[in-house]
Amino acid sequence: MTVSGPTLGWVEKAEHNYRTVCVLRDQLREPLNDMVCFHCQQCGEGYLKAVLTEARLDFPKTHDLGHLLQLACARWPEAASLASMANSLTPYAVEVRYPGRMPDERASRDAVKAASSIRAACRAWLDLPPEPDLLSTRSEE
């Protein structure tokens, strides 16, 4: 499958968020867990919107990954297996941007695993070449 230009725009945004997570986790002495979680959510959102765009399915302006995933299941029923991961990332779209909600290292690791899984599944559905999972070894520490 050759993906469309608008789809590639979403993929590019998602990959920028993924690379940001890589930098935040690997290049800083103490990871900024709130920002790691935020960019993991944004990565998942971007990839789900890429799938919806490629499938020519309309979607609202939302950060709710569970809702985006439900829409994607119309053309990709197997995506339902990602529901718990998508739902776990949704709160990080907004909550971590305000004082009082600071995810810990475990939440950050879980967010990385969820985003990496959603990224890999979406890339496979879009028939994009696999990219290395730059976070897998670090997220296991």
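The values are calculated or read from the model by the stated rules, or taken from the named source; none is laboratory data. Just so it is clear, the structure is predicted and the values come from calculations on it, not from any experiment. Because the Cβ atoms are built from the backbone with ideal geometry, glycine has one as well, and the counts that use them run over all protein chains shown.
Cβ-Cβ contacts under 8 Å between residues 6 or more apart (or on different chains), taken from a first residue in the stretch 85-108 that is over 12 Å from E45 (Cα atoms) to a second residue that is aromatic (F, W, Y), are listed as V96/F38; R97/F38; P103/Y92. Being among the basic types (K, R) and either touching a Phe, Trp or Tyr at 6+ places or on another chain (Cβ under 7 Å) or surrounded by 14 or more Cβ atoms within 10 Å (Cβ to Cβ) (or both) is a description that applies to R75.
Note on the stretch 12-22: residues that are surrounded by 16 or more Cβ atoms within 10 Å (Cβ to Cβ) and farther than 17 Å from A114 by Cα total 1. Of the residues making up the stretch 48-74, those that are under 20 Å from G5 (Cα atoms) and either out of contact with any helix residue (DSSP H, G or I) (no Cβ under 9 Å at 6 or more places or on another chain) or touching a residue at least 24 places away in the same chain (Cβ under 8 Å) (or both) are L48, K49, A50, V51, T53, E54, R56, K61, A72.
Determine, yes or no, whether G44 is within 30 Å of D104 (Cβ to Cβ) and surrounded by 21 or more Cβ atoms within 10 Å (Cβ to Cβ).
Working: within 30 Å of D104 (Cβ to Cβ): yes; surrounded by 21 or more Cβ atoms within 10 Å (Cβ to Cβ): yes.
So G44 passes the test.
T53 falls short of the stated requirement of being surrounded by fewer than 20 Cβ atoms within 10 Å (Cβ to Cβ) and of a type in the set (S, T, Y). When M1 is tested against the conditions (1) at pLDDT below 95; (2) more than 26 Å from D127 (Cβ to Cβ); (3) hydrophobic (A, V, I, L, M, F, W, C), the lone failure is (2). Here is the figure for the stretch 12-31: residues that are aliphatic (A, V, I, L, M) and under 24 Å from D64 (Cβ atoms) total 3. Looking at the stretch 61-70, is at least one residue at pLDDT 95 or above, part of a helix (DSSP H, G or I) and among the polar types (S, T, N, Q)? For the stretch 61-70, residues at pLDDT 95 or above, part of a helix (DSSP H, G or I) and among the polar types (S, T, N, Q): present. Residues in the stretch 1-37 that are hydroxyl-bearing (S, T, Y) and assigned to a helix (DSSP H, G or I) were compared, and the one that is farthest from the chain's Cα centre (by Cα) is T7.
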